[in-house]
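Take a look at the structure below.
The values are calculated or read from the model by the stated rules, or taken from the named source; none is laboratory data. Just so it is clear, the model here is predicted, and its values are computed rather than measured. So basically every Cβ, Gly included, is an ideal-geometry build from the backbone, and we count neighbours across all protein chains shown.
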Amino acid sequence: MVELSILKGTKDNLPEEQVLREEIVDILKESFQLYGFRPATTPILELWEVLASKYSGGEEILKETYKLSDQGQRELGLRYDLSVPLARLIGMNPHLSKPFKRYEIGPCFRDGPIKKGRYREFVQCDADTVGVTSMLADAECLALAHQIFKQLGLDVYLEVNNRKLLSGILIAAGVPSELLSTAILSIDKMKKIGLDGVREELADKGISSDLTESIFAYFKLEGPYLEILDQLEKKIENKIGKEGIQELRELYKYLELFGIIDDVKLLYSLARGLEIYTGTVFEAFTKDSTILDSSLCAGGRYDRIIGKFLDSKQIIPAVGISFGLDTIYDALATQRTPPASKTQVYIIPIKSIDTCVKITTQLRQKGIPTEVDLLNRNISKNLEHANRLEIPYVIIAGKRDLAQKKVTLKDMRKGTEETVNVKEIHSHIVELMK
């Protein structure tokens, strides 16, 4: 006999879990569309050469990528994100008008470390704007995130930075160009492992202690968003650093106009690890870290990657944001338990199945989720079933009541019941649901 189990890092979602997951997806879709993003889908399976392109995810992600071959011996892989498929989609459809604003919600796969909020199979929910250089597109991503989490009832803050500013700081500190990328990866961990942890990493990478202290001198600044930029502007003379500061100022202006600046923090050590980012980077976290310490969404600007990925000299600017369905679910699940069912009305026939099917059909046609007993159980067992699924209203339809064109309507939450005319069932339930 086969021992029933599933792969570590994957999970089944029972109805009481899936109800909340679908509620999250519905809010995401509505918000994406409200901001003008249009739906598009790409395959879960991609050709390995696409996933392994030198301008895609990089070596670290490829180590975690599921690789396989089909019966034609073609090398394939399960997609590890939705950004590489987007780049391929744009390359195969040059007719797309700009700006191209698309969203996609679908499963991705990585064979990496597993912890709460991090799985081998996970659902990404991405929204990207392609063809726009203005920081308005970046600010729109952050405004979108702010609105979504407000609708979900999660109190979050948004961390932002600009990779150009971070590069400018390191150049000003004296880091040689060949060590810039690796130094940025270490600085990005400053929030997580602290100065001592970063100091140790930089030493392992061959960066002297004097140079490390020179770098750290730039990361002692405190204060509001614009005050930090004012202080950095006095210290940074190189072009790329000044560009980063200017872009962060422009971003601030739009965040103010969107009315969300109070929930935005400038974390100027933030790089988001991946080298694909060329400008703005951002992440969202719950203000109460005991709820979840992982980011709920993240993204940034990647102006050069799509063009390079397509082996083109053309600059194709792009900015995007990715929401993790699993991490958002984990955060919400700590705060509330969703109903086990979306059903609003449960009908118990007492030797009256034909009439009850008609009532069920009428309520469904009017948009009220309704179930009727399918197992011919007694009243007590049916009430137990409805109570277990947290169905708020139960109709008990016996022959004697139906002869008078009436049924018994039970409010399961209040524990009350009343007799209702059959013709008034719909209007009465609608009134109770208000």
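Overview of values
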item: Scan of segment 211-238 for residues that are assigned to a helix (DSSP H, G or I), in contact (Cβ under 8 Å) with a residue 60 or more places away in the chain and under 18 Å from Ile184 (Cα atoms), ordered by number; result: Leu232
item: Residue that is surrounded by the fewest Cβ atoms within 10 Å (Cβ to Cβ) [pool: residues in segment 166-204 that are of a type in the set (Val, Ile, Thr) and closer than 30 Å to Phe258 by Cβ]; result: Ile184
item: Val132 being among the β-branched types (Val, Ile, Thr), under 24 Å from the mean Cα position of the chain (by Cα) and surrounded by fewer than 22 Cβ atoms within 10 Å (Cβ to Cβ); result: yes
item: Residue check, Leu292 in the same structural domain as Arg102 (by TED's automatic domain parsing), assigned to a loop (DSSP other than H, G, I, E, B), of a type outside the set (D, E, K, R) and in contact (Cβ under 8 Å) with a residue 24 or more places away in the chain; result: yes
item: Yes/no for Arg163 being surrounded by 17 or more Cβ atoms within 10 Å (Cβ to Cβ) and free of Cβ contacts under 8 Å to residues at least 40 places away in the same chain; result: no
item: Residue list for segment 402-429, restricted to those being over 25 Å from Glu16 (Cβ atoms), acidic (Asp, Glu) and in contact with a helix residue (DSSP H, G or I) (Cβ under 9 Å, 6 or more places away or on another chain); result: Glu418
item: Pick from segment 388-411, criterion farther than 20 Å from Thr355 by Cβ and modelled with pLDDT under 95, ranking: surrounded by the most Cβ atoms within 10 Å (Cβ to Cβ); result: Leu389
item: Contacts under 6 angstrom Cβ, first residue in segment 181-193 being of a type in the set (D, E, K, R), partner outside any helix (DSSP H, G or I), 6 or more apart; result: Asp188/Ala271; Asp188/Gly273
item: Qualifying positions in segment 356-370 - free of Cβ contacts under 8 Å to residues at least 60 places away in the same chain and either buried (at least 18 other Cβ atoms within 10 Å of the Cβ) or of a type in the set (S, T, N, Q) (or both); result: Cys356, Thr360, Thr361, Gln365, Thr370
item: Of residues in segment 13-35 being in contact with a helix residue (DSSP H, G or I) (Cβ under 9 Å, 6 or more places away or on another chain) and in a loop (DSSP other than H, G, I, E, B), the one nearest to Glu104 (Cα to Cα); result: Tyr35
item: Which numbered condition Ser167 misses (of (1) closer than 23 Å to Phe285 by Cβ; (2) small (Gly, Ala, Ser); (3) not in a loop (DSSP other than H, G, I, E, B)); result: (1)
item: Pick from segment 261-297, criterion of a type in the set (Ser, Thr, Tyr) and closer than 18 Å to Lys164 by Cβ, ranking: surrounded by the most Cβ atoms within 10 Å (Cβ to Cβ); result: Thr280
item: Failed condition for Leu257, given (1) hydrophobic (A, V, I, L, M, F, W, C); (2) surrounded by fewer than 14 Cβ atoms within 10 Å (Cβ to Cβ); (3) over 25 Å from Phe149 (Cβ atoms); result: (3)
item: Selection count, segment 109-129, where residues are in a strand (DSSP E or B) and surrounded by fewer than 22 Cβ atoms within 10 Å (Cβ to Cβ); result: 7
item: Matching residues in segment 305-323 - criterion: being buried (at least 22 other Cβ atoms within 10 Å of the Cβ) and not in a helix (DSSP H, G or I); result: Ala318, Val319, Gly320, Ile321, Phe323
item: Top-ranked residue in segment 216-273 [being touching a strand residue (DSSP E or B) at 6+ places or on another chain (Cβ under 6 Å) and among the basic types (Lys, Arg); ranked as nearest to Ser177 (Cα to Cα)]; result: Arg272
item: Residue in segment 59-109 that is nearest to the chain's Cα centre (by Cα), counting only those that are polar (S, T, N, Q) and under 19 Å from Leu310 (Cβ atoms); result: Ser83
item: Output for segment 55-104, where each listed residue is assigned to a loop (DSSP other than H, G, I, E, B) and basic (Lys, Arg); result: Lys63, Arg74, Arg79, Lys98
item: Condition met for Lys381 (over 30 Å from Glu17 (Cβ atoms), out of contact with any helix residue (DSSP H, G or I) (no Cβ under 8 Å at 6 or more places or on another chain) and assigned to a helix (DSSP H, G or I)); result: no
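This table checks each residue for (1) modelled with pLDDT under 90; (2) of a type outside the set (A, V, I, L, M, F, W, C); (3) crowded, with 20+ Cβ neighbours inside 10 Å.
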site: Pro43; (1), (2), (3): no, yes, no
site: Leu47; (1), (2), (3): no, no, no
site: Val50; (1), (2), (3): no, no, no
site: Gly57; (1), (2), (3): yes, yes, yes
site: Gly72; (1), (2), (3): no, yes, no
site: Tyr80; (1), (2), (3): no, yes, yes
site: Leu86; (1), (2), (3): no, no, yes
